[in-house]
Structure formats: structure tokens, C-alpha cells
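Following: one structure in C-alpha cells, then a few remarks.
Each reported figure results from applying straightforward, stated rules to the coordinates on display, with no laboratory input. What you are looking at is a predicted structure, and each value in this text was computed from that prediction instead of being measured. Reconstructed Cβ throughout: ideal geometry from the backbone, glycine too, with neighbour counts over all protein chains shown.
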Amino acid sequence: MKYLSTRGGVEPVGFAEAVMMGLATDGGLLVPESLPRIGPESLQEWSKLGFAELACEVMQRFVGDDLSASELQDLVQRSYASFQHPEITPLAQAGERRILELFHGPTAAFKDVALQFLGNLFEHFLARSGEQLNIIGATSGDTGSAAIAGVRGKERIQIFILHPKGRVSPIQERQMTTVLDANVHNLAVRGTFDDAQRIVKALFSDPDFKTRYRLGAVNSINWARILAQTVYYFYAWGRLSGGNPDHRVSFAVPTGNFGDVFAGYLAKRMGLPIERLILATNRNDILTRFVHHGLYSLTEVHHTLSPAMDIQVASNFERYLYYLLDEDAGAVSARVTAMQHDGRIEFSQTEHRRAAADFVAGAVSDADTLDQMRATYRETGYLLCPHTAVGVRAAAAWPEAVCLATAHPAKFNEAVQEAVGLDAPAPACLQGLLHLPTCCEEVAAEDDAVRQHIINTLAKVH
Ligand SMILES: *Cc1c(COP(=O)(O)O)cnc(C)c1O
């Protein structure tokens, strides 16, 4: 299996190179040169598999010669051994509503499903090449802890995560700073999340620094993250259909960077009988407006109760664009250029009709998010996190749709308190965090201060 850039400017690369590259060198995103087609017999067989066995079957078709079957099996086993539920991504029930719980990993958010695997992949490929990797990222909460949990203690990897000092929820801050492994470096930036993100961007666009210090990212544009997320769509379908290829399932997906729902779209393209993909956004509704009106246009970012979805430019959207435009990299490049110039992409009627056939979409306000959390709890006793509540609300017209639960409610207790007046019981990974020792360094919100801090730290560890 080879991978190409959505913008056409990269010679085909293998799976390992695609994973290590992250963002394609021409600024595009990497996509497989063709998608495997999963026929009815395979679907039937796969419906009997446990999560890890199924993950091996799905991923096998994408890794080419870069991993042997036993290497892949070992990586998958180790990645999901850290999950607290034997089914990894179990289906739960809230009254009539099916909930696909994706939050049983070490940081209680769905990002663990992909980042536990990505950390092990990085370690494996680095051991093979003898290289080192220094991961740098900025976080307002969820991604930082999942990224740290994915690479803590791994040889050949150092991770630097910047968070805005005092502006991350206490639980989310402790999820990062209580990790004491020597390769984990938490930096509390005296500034806002936007400052932290701007600094990271500045470091990545400094080519000398980037090459000399082998900077890497773990953001949601990495192909391996998408791949890992396709697995639970197959898994949920298998549990609900019993392997009957005529049985179709719909999914509602709380969406920010378009990674999770894109994985569902990919599963559908591979032949999984998906009836409907419900793309759920909060007030940051660029993707909902795209599906409704065929216009992708930027506005400002609003802060909401579902902060992991407070995004305007959805970094995986370009992958969908590639398929919408019939895998024509030239056409993708033209649209991306238009986006950079005008802050908007207009789609033809035919394109819009296709998008509207691929997704239904809904934007949910904070008030309706709280209302949904309250209603589901009153009627069924099931507590939704605010992100999951956005999905459930957007799927109101489709009671049969499976709603993806992207975080444990105990990570968002302020919203839970406001909605239902109690705290969600914390899973083991969130208990006692406030009493554990922490490790974190404070830095000024300046590119040079952070760059120097990273250089000094790396001089000590290498
Ligand atoms: C990241 C995240 C999302 C959004 O997922 P995307 O793949 O970015 O669309 C939704 N909910 C939670 C809790 C998240 O952490």
C-alpha cells in the first residue's frame, strides 16, 4: 500500500514513511492510493472478532510490507491493553439510544484509541531507523494528555506539550503534569491557548530548528490516527448486525477536526453498510453549514461547553475534499488556494448534492447541549459528556443511530453540574489526580523562550 498527498506533490510513500511524515511535505494530507474493498463474506467473519483481532484485520490492509502480521498484532495488543474495558469500545444503552463508548482508555477520551496505537507505531519505526523524534504540541485540554499517555516512557521520543498556565481545567492539567516519565516535558505558558498554538506554529515553520531537532507532531492529520478510528465503526456494526450484510447502521459523530467522522466515511467507502453519518457540531458550525449550503467559509471561533470541538478550520476536511473531487489532486490544490485567498470555498450544485448524500449535519447550542444532558439523565440515568450530548441532540430525528461517546463525563464536571446538579463518578484514571506529585515548567509566551527551553532540555537528555 502506497500513500499520496491530496495535493499531488509527493512521490508515493509506504505506510511507515506516511506515519513518520504526518503532514505531507507539500502541505497536503496523506491518503492511500486506493481503498481496499471489504466484501460481505469478510464483513460476516469480522463481525465475530474481538476488537484487537478486528483491528489487525482492518489495519493489515493498509500497512503493506512495513509491518509483518505478528508485528502488527503485537503493536495492537499492547496499544489496547491499557484500556479498562474488555471490549475496548463497548456499546452501551441509554434508554433506546445506543452509545458507542470510546472513553475507556488511559485519559478517558476517544483520542486514546488512536494515540495509544500511534505512540507504539512511532516507537517501532524509530527503533528500526535508529532515529529520534521530538514531539511538540499545544493543547487547551484533551489532546495533550492523550498524546502524553501515548508516548510516555518510550525510547527515542521526547514530548513537549504547551498549555496556557491556569487556563486548563484542573483535572486536565493534572492529567498531563502528573506524568513523571523523563521523556515528558510539560510547559505552562504565561499566556492564552492562542499564544501557545502560535508559538508551536512558529517553531515548526523555522526550517533549521525543525530539521536539526527532528520536530514531529501528533495532531489529527496523521494517517495512522484515522486508520485506528475506522476500527470501531466496523466493530459496532458487527455487534449490531450479527454479520448480516443487509443490516445498515447510522452513526452520530461529535465533530471538530473532522477526523472521527472521516474515519466513518472511509469505513463506508470500504464497504461497511452505513446508512447515515450524522455530523454533529456545536456553535462552531463551519462543517454543518458546508453540508447544508455547499459553502465552506470561515468565521471566528466561539468558546463552548464542548471545547474539544471549538474549531473552525477542520484539519481533516482536505481528505474528504479529495474524495469529493474524485481524487483529483489538482482540483484539491485549486480549492485550497481559494480557501487561503478568500477564506471560503464554494461548491457546485453537483458537489453539494454529493456532500449532502454523504452526511446529514446539525449544529447544537450550549443551551440545547445542557438540555440534552439533563433529558438523557432524567429519562435513562445515563450521563453524557457535553461533546457526546451534541451528537445525541443532532441525531434526535434518528433514534436508531449509534451515538459516539467521545469523552467520559467526569472530565467535564462543570457542565455535568450545570446540567444535572451532581458530579459524574470518576473512572480510576481520573481519581486522586489532585494529590499526586506533578512536574511542569513555566515559560514566557515567546517563541525564543520556548525554543531555548527545548534546546536546553534536549541537551540534558541526549
Ligand atoms: C477531539 C474530540 C472531538 C472531535 O473529534 P475530531 O476527530 O476532531 O472531529 C470530540 N470530542 C472529544 C471529547 C474530543 O476530544
query = Taking K165 as the anchor, which lysines have their alpha carbon closer than 21 Å to its alpha carbon, excluding any fewer than eight residues away along the same chain?
reply = K201, K411
ask   = Hey, what's the Cα Rg ratio for the chain versus the globular rule of thumb, 2.2 N^0.38 Å?
value = 0.93
task = Only helical DSSP H runs with n ≥ 4 go in: add -39500 (n - 2.57) per run for the chain, normalise by residue count and round the 222 nm mean residue ellipticity to 500 deg cm²/dmol.
result = -14000 deg cm²/dmol
inquiry  = Tell me the net charge near A367. Cut-off is 11 Å between Cβ atoms, A367 excluded, with +1 for each Lys or Arg and -1 for each Asp or Glu.
reply    = -1
note = Between the modelled labels at T350 and Q84 (7 Å from Cα along Cα→Cβ) the distance in nm is 5.2 nm
ask   = Cα centroid distance between the stretch 311-350 and the stretch 433-462, in Å?
value = 37 Å
inquiry  = Loop-only GluC sites (Glu not before Pro) in the stretch 362-430, please: DSSP not H, G, I, E or B, and at most 14 other Cβ atoms within 10 Å.
reply    = E400
query = Got a sec? How would T177, T438 order by Cβ neighbour count within 10 Å, fewest to most?
reply = T438, T177
Fraction of beta bridges assigned by DSSP in the chain that are antiparallel (%, nearest 5) = 30 percent
task = Determine the gain in length on full extension of the stretch E379-R248; use 0.36 nm per residue of separation and subtract their C-alpha separation, reporting nm with one decimal.
result = 44.5 nm
Ranked H85, H462, H185, criterion: other C-beta atoms within 10 Å, fewest first = H462, H85, H185
inquiry  = To check my understanding: the extent here is largest minus smallest coordinate of the Cα atoms along each principal axis. What are those three numbers for the stretch 92-217, in Å, largest first?
reply    = 56, 39, 26
inquiry  = Could you tell me the calculated FRET efficiency between E57 and V313, based on Cβ-Cβ distance and R0 = 41 angstrom, to the nearest 0.05?
reply    = 0.75
note = For K111, the aspartates and glutamates lying under 15 Å Cα to Cα, once residues fewer than eight places off in the same chain are dropped, come out as E101, D142, D260
The chain - percent relative contact order, Cα under 8 Å, separation 6 or more = 19 percent
ask   = Sorted from fewest to most neighbouring beta carbons within 10 Å, what does the list H303, H341 look like?
value = H341, H303
request  = Within the stretch 24-108, list the trypsin sites (Lys or Arg not before Pro) lying in a DSSP loop whose Cβ has at most 16 other Cβ atoms in a 10 Å radius.
outcome  = R37, K48
query = Mind checking which lysines have their C-alpha under 18 Å from K154, skipping anything on the same chain fewer than 8 residues away?
reply = K460
